[in-house]
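The values are calculated or read from the model by the stated rules, or taken from the named source; none is laboratory data. Since this is a predicted model, take the numbers as computed values, not measurements. When we count neighbours, we look across all protein chains shown, and the Cβ atoms used for this are built from the backbone with ideal geometry, even at glycine.
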Amino acid sequence: MIVVSKEVAQVEIEKWLDCKKISERKRETTKDNTAALVDAISEGGLVLTEKNELVQTLKFPIGETSPVEKLTYKPRLTVKEVNTKMQGVKANDVDGRVTGYIAALTNLTMEEVKKLDTEDYGLAQNIAIFFL
């Protein structure tokens, strides 16, 4: 179901990429990731806030007692934030590194990120790729 037109969704993602100062070259190499974000906004599962935070509504909330239904992604990350989440992750562990970035972006623990359904994790990966 289309909630926002593709054109409006594209403008929103371009605004986010501009805020992050993503180069034209990186935009070219991440076109598929950008398209996934545009689709998510168009379908209503992702929203860009005035603070340039992306907010993802989970298709499958995580947690038992107080379920997490939305993830809010910071627009910027510091090396310290990433390093804190990467404790114990080997340099060649690509999945572990992406999980660490998602954890740093959302303030979740690595274990919480690992509980995401693959549908929700896929969108999270498409966001995290712009921070690698």
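The set of residues in region 65-81 being without any contact (Cβ under 8 Å) to a residue 24 or more places away in the chain and surrounded by 15 or more Cβ atoms within 10 Å (Cβ to Cβ) consists of 81 alone. Taken as a whole, the structure places residue 37 among residues that are in contact with a strand residue (DSSP E or B) (Cβ under 8 Å, 6 or more places away or on another chain), over 19 Å from residue 112 (Cα atoms) and part of a helix (DSSP H, G or I).
Does at least one position in region 100-107 carry a residue that is modelled with pLDDT of 95 or more and surrounded by fewer than 17 Cβ atoms within 10 Å (Cβ to Cβ)?
Scanning region 100-107 turns up at least one residue that is modelled with pLDDT of 95 or more and surrounded by fewer than 17 Cβ atoms within 10 Å (Cβ to Cβ).
When the helices (runs of 4 or more DSSP H) confined to region 47-132 are screened for residues that are touching a Phe, Trp or Tyr at 6+ places or on another chain (Cβ under 9 Å) and under 26 Å from residue 23 (Cβ atoms), those reaching at least 3 such residues are found at 94-106, 118-128. When region 1-34 is limited to residues that are in contact (Cβ under 8 Å) with a residue 12 or more places away in the chain and outside any helix (DSSP H, G or I), the one that is surrounded by the fewest Cβ atoms within 10 Å (Cβ to Cβ) turns out to be 1.
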